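The next block holds one structure in the form of structure tokens; read it before the comments.
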Amino acid sequence: SFFFFIAVLVAAIYVYLLKRSLATDSSTGFENHIALEYLLKKSNSHHMQLAVVWVNEIEDINSFYGTEIGDKVMKN
């Protein structure tokens, strides 16, 4: 039963990390649209405010200034 407990614990940690990796952007570490949809479905508040900033041509920023600057643009 000890090994079964360890297996269940490892499986639970794996599922947690998988859900976390699916809900966050790998380059910025911020939550993505999957996390936003979950938050909106879970929330009971009807007075939510949302701002979406769309950065066009991030590939051009990355190619001209480099990926470090492109990542900073996305984070800011």
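We did not get these values from a lab; they are worked out from the coordinates using the rules stated. Keep in mind it's a predicted model, so treat the numbers as computed, not measured. A quick note on method: Cβ atoms are made from the backbone with ideal geometry, for glycine too, and the neighbour counts reach across all protein chains shown.
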(message) Can you pull out every residue in region 20-43 that is in contact with a strand residue (DSSP E or B) (Cβ under 7 Å, 6 or more places away or on another chain) and aromatic (Phe, Trp, Tyr)?
(response) Phe30
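One line per residue, one yes/no per condition, for (1) among the aliphatic types (A, V, I, L, M); (2) outside any helix (DSSP H, G or I); (3) on the phi > 0 side of the Ramachandran plot:
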position	(1), (2), (3)
Phe3	no, no, no
Ile6	yes, no, no
Lys19	no, no, no
Ser26	no, yes, no
Asn44	no, yes, no
Asn56	no, yes, no
Asn62	no, no, no
Lys72	no, no, no
